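Data first, discussion second: the structure below is written as structure tokens.
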Amino acid sequence: MLEKKIGEPCPTCETPLQRRRSTFRTIVGDVAYCARCCSSFELAREDDLVAALLTPDFAPI
């Protein structure tokens with residue numbers, strides 16, 4: 001399953017993806033979901049957010 005982030009455009013119809021609870025047995029938790037074409041994608045890890053918080057302005061002292 002492709003990894004996508006919330007708000008990215010759907011590869012099929014270009015609609016922004018939403019967060020939704022997974023209905024798959026193999027995926028526990030939330031998925032990125034396109035309501036227009038009913039496509040689901042695995043959520044990409046949000047390591048970018050952690051990296052942004054550890055910039056020198058927010059680094060622990």
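The values are calculated or read from the model by the stated rules, or taken from the named source; none is laboratory data. Quick caveat: nothing in here was measured; it's all calculated off a predicted structure. Methodologically, a virtual Cβ is constructed for each residue, glycine included, from the backbone with ideal geometry; neighbour enumeration extends over all protein chains shown. These area figures cover heavy atoms from the full protein model, side chains too; ligands, DNA and RNA do not enter into them. Shrake-Rupley method; radii C 1.70, N 1.55, O 1.52, S 1.80 Å.
For this structure, a couple of remarks:
- Just one of (1) modelled with pLDDT of 90 or more; (2) open to solvent by 60 Å² or more (accessible area, probe 1.4 Å) fails for Cys34. It is (2).
- Just so you know, in the stretch 37-51 the residues that are among the charged types (D, E, K, R) and surrounded by 11 or more Cβ atoms within 10 Å (Cβ to Cβ) include one that is modelled with the lowest pLDDT, and it is Glu46.
- Inter-residue pairs, beta-carbon under 7 Å, first in a loop (DSSP other than H, G, I, E, B) and in the stretch 18-45, second surrounded by 14 or more Cβ atoms within 10 Å (Cβ to Cβ) and of a type in the set (Gly, Ala, Ser), 6+ apart: Val28/Ser22; Gly29/Ser22
- If the condition is being at pLDDT below 90, among the charged types (D, E, K, R) and surrounded by fewer than 12 Cβ atoms within 10 Å (Cβ to Cβ), then the stretch 4-31 contributes Arg21, Arg25.
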